[in-house]
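Some notes on the structure that comes next.
The values are calculated or read from the model by the stated rules, or taken from the named source; none is laboratory data. Because the structure is a prediction, the values reported are computed rather than measured. Neighbour counts are summed over all protein chains in view; Cβ atoms, including those assigned to glycine, are modelled from backbone coordinates with ideal geometry. Accessible surface areas use protein heavy atoms only, side chains included; no ligands, DNA or RNA. Shrake-Rupley method; radii C 1.70, N 1.55, O 1.52, S 1.80 Å.
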Amino acid sequence: MSVLLPFYVFGGEQPDVEDAASEVEMAVEVDTNQSTKISDFQNALKSIPERKVPFIDNTNFDIFIEPEDFKPIDDGALNIEAVYPDFYQETSKYRSVMSYKVSLSQHFYTVVVTYWVGKYEMESTLINYDMQGNVIDHQLVAYDEIGKGQTITTSRISEHAITSQHSSWGLTKAIIEEEFVINQDGTIDKLESKNLNDTIDNDALVLYVLKEMDLAPLSVKTDLVVSKTNPETSHEVIVVIPEIVDEGEGYFELNSHIVIADDRSGKVTHQYFETSQTNGWYSDAIRLREINLDTAPYRVTHDIRAFGVRVRHAGTSRVTQYQSETLSLFIKTGDKLEKILDKYPVKTLNGQWDGECSGEFTETDSILMMSEQQSNGFNNIILKTKVKTITDNVSDDGECNSNEKTATKTTVLKYNGKEYK
């Protein structure tokens, strides 16, 4: 039989057995409370529906009509007081009405909760939690108010980013757009803020066109929107609208809306639509840098003048150089726009170098001219293309030499009854 002998510290005082036991009990209690807290958090997560990114959160009072529209959450399990410090005060006006979770990372959890703040305000907040249910960071993603109706916030949430638009109405509508990055550790940092009224040309007309087409400004890549007066009809404005289909870190795909609108009424009179599957409007390792309107006099017949849309891509590698610019031509037919030239490459740059001196590059630049000769009733298009080849190498004496050769070629594009080839 073994006997448990008391432990003595030589040269010191004998420990108090009761104090030691109390400390053990307290440690067990803390551990038990922590385990219960984590368990409650996990259970709360299981009952919350999930949404797939990317999506737009435009939560507002209009979606809460019937009793079943209200789905309160377990505020304690989700540690809401860490987001709203006054949540449990006697004067608190918070009432949870909805929540959903988003899968953004394997290293943290994400939940968006919606609260009524009193009777007249509503806000939705994206909250990132660590694995134990502690709040890492949070960001307001939607806001609405009743009565005044002067302010609303909506957000596009993707895997690594939040784009929020804060709209307010005074004499005119103002939209402030803010960009946030969601870091790998779950923290959220603000990147930039801009006033869309200043950054979008002809912003009032563009916003009206978006409304008429039932496109939320957040569903559009606003920094790539372009507009230009139609030189053939001064009261018409051509607008290019890149609609976001998918996006991720350093990646996006865009549908294309090419429209003509009356600049007096904002009414869309002609439009063309193409999906991201065929239009080439994508950005990944090869970045979509710019979209421009080209209103040069592309007169395909005596009575019909086409306009162009140019799209520029560029690579991100230092040693493998790549750039391209394509041109598509459109004409009006009835109440639609018809594409008669499909993303023809008018500028290219390809080449590789060693990062110091040695390398070879080929650059092309094409100019379009309308011919008097016709095919199927449309004037032929003559392309004059300058081809430049640059070769860099290290000479015997260690100097970096560059050799440039230039050639010109001519191509004729003919209309086949549907498009130019």
Q) Considering only residues of region 377-421 that are among the small types (Gly, Ala, Ser) and assigned to a strand (DSSP E or B), which is nearest to TYR344 (Cα to Cα)? A) ALA407
Q: Among the residues of region 313-328, count how many are in a loop (DSSP other than H, G, I, E, B) and open to solvent by 70 Å² or more (accessible area, probe 1.4 Å).
A: 2
Q: Write out, first by first residue and then by second, each pair whose Cβ atoms fall under 8 Å of each other, whose residues are 6+ apart or on separate chains, and whose first residue, in region 365-376, is part of a strand (DSSP E or B) while the second is among the small types (Gly, Ala, Ser).
A: LEU368/ALA296
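Restricting attention to region 377-400, report how many residues are over 27 Å from THR333 (Cα atoms) and either loosely packed, with under 13 Cβ neighbours inside 10 Å or in contact (Cβ under 8 Å) with a residue 60 or more places away in the chain (or both). Full working, then the answer.
Step one: of region 377-400, the residues over 27 Å from THR333 (Cα atoms) are 384-400.
Checking the rest, the ones that are also either loosely packed, with under 13 Cβ neighbours inside 10 Å or in contact (Cβ under 8 Å) with a residue 60 or more places away in the chain (or both) come to 395-400.
Residues that pass the stated criteria total 6.
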Q. Among the residues of region 55-71, which ones are open to solvent by 90 Å² or more (accessible area, probe 1.4 Å) and either of a type in the set (Gly, Ala, Ser) or under 28 Å from the mean Cα position of the chain (by Cα) (or both)?
A. ASP62
Q | Criterion violated by LYS52 - all others in (1) open to solvent by less than 80 Å² (accessible area, probe 1.4 Å); (2) modelled with pLDDT of 90 or more satisfied | A | (1)
Q. Could you list, in sequence order, the residues of region 222-239 that are assigned to a loop (DSSP other than H, G, I, E, B) and either surrounded by fewer than 20 Cβ atoms within 10 Å (Cβ to Cβ) or among the hydroxyl-bearing types (Ser, Thr, Tyr) (or both)?
A. ASN230, PRO231, GLU232, THR233, SER234, HIS235
Q) If we keep just the residues of region 240-279 that are of a type outside the set (A, V, I, L, M, F, W, C), open to solvent by 20 Å² or more (accessible area, probe 1.4 Å) and touching a Ser or Thr at 6+ places or on another chain (Cβ under 7 Å), which is nearest to VAL226 (Cα to Cα)? A) GLU243
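If I ask for residues that are open to solvent by less than 20 Å² (accessible area, probe 1.4 Å) and either closer than 19 Å to TYR143 by Cβ or in contact with a helix residue (DSSP H, G or I) (Cβ under 8 Å, 6 or more places away or on another chain) (or both), which ones from region 88-109 would you list? Let's see the steps before the verdict.
Of all residues in region 88-109, those open to solvent by less than 20 Å² (accessible area, probe 1.4 Å) come to 96-97, 99-100, 102, 104, 108.
Within region 88-109, SER96, VAL97, SER99, TYR100, VAL102 meet the criteria.
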Q: With respect to LEU78, determine if the residue is touching a Gly at 6+ places or on another chain (Cβ under 8 Å), surrounded by 12 or more Cβ atoms within 10 Å (Cβ to Cβ) and in contact (Cβ under 8 Å) with a residue 40 or more places away in the chain.
A: yes
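Confirm whether SER219 is surrounded by 21 or more Cβ atoms within 10 Å (Cβ to Cβ) and touching a strand residue (DSSP E or B) at 6+ places or on another chain (Cβ under 9 Å). If you could, list the steps in order and put the result at the bottom.
Values: surrounded by 21 or more Cβ atoms within 10 Å (Cβ to Cβ): no; touching a strand residue (DSSP E or B) at 6+ places or on another chain (Cβ under 9 Å): yes.
Answer is no for this residue.
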(Q) I need the full set of residues from region 185-198 which are under 18 Å from the mean Cα position of the chain (by Cα) and either loosely packed, with under 12 Cβ neighbours inside 10 Å or not basic (Lys, Arg) (or both), in order please. (A) ILE188, ASP189, LEU191, GLU192, SER193, ASN195, LEU196
**Q.** Tally, over region 329-355, of residues that are open to solvent by 30 Å² or more (accessible area, probe 1.4 Å) and of a type outside the set (D, E, K, R)
**A.** 9
Q.
For region 145-160: of the residues being modelled with pLDDT of 95 or more and not hydroxyl-bearing (Ser, Thr, Tyr), which is nearest to ARG51 (Cα to Cα)?
A. ILE157
Q. Any idea which residue in region 152-180 is surrounded by the most Cβ atoms within 10 Å (Cβ to Cβ), counting only those that are among the hydrophobic types (A, V, I, L, M, F, W, C) and within 19 Å of THR114 (Cα to Cα)?
A. ILE157
Q) How many residues, within region 122-141, are outside any strand (DSSP E or B) and open to solvent by less than 10 Å² (accessible area, probe 1.4 Å)? A) 1
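Conditions (1) without any contact (Cβ under 8 Å) to a residue 40 or more places away in the chain; (2) open to solvent by 30 Å² or more (accessible area, probe 1.4 Å), marked per residue:
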| position | (1), (2) |
| --- | --- |
| TYR143 | yes, yes |
| GLN150 | yes, yes |
| ILE182 | no, no |
| ILE200 | yes, no |
| VAL209 | no, no |
(Q) Here are the criteria: (1) without any contact (Cβ under 8 Å) to a residue 40 or more places away in the chain; (2) over 27 Å from the mean Cα position of the chain (by Cα). Tell me which single one PHE307 does not satisfy. (A) (1)
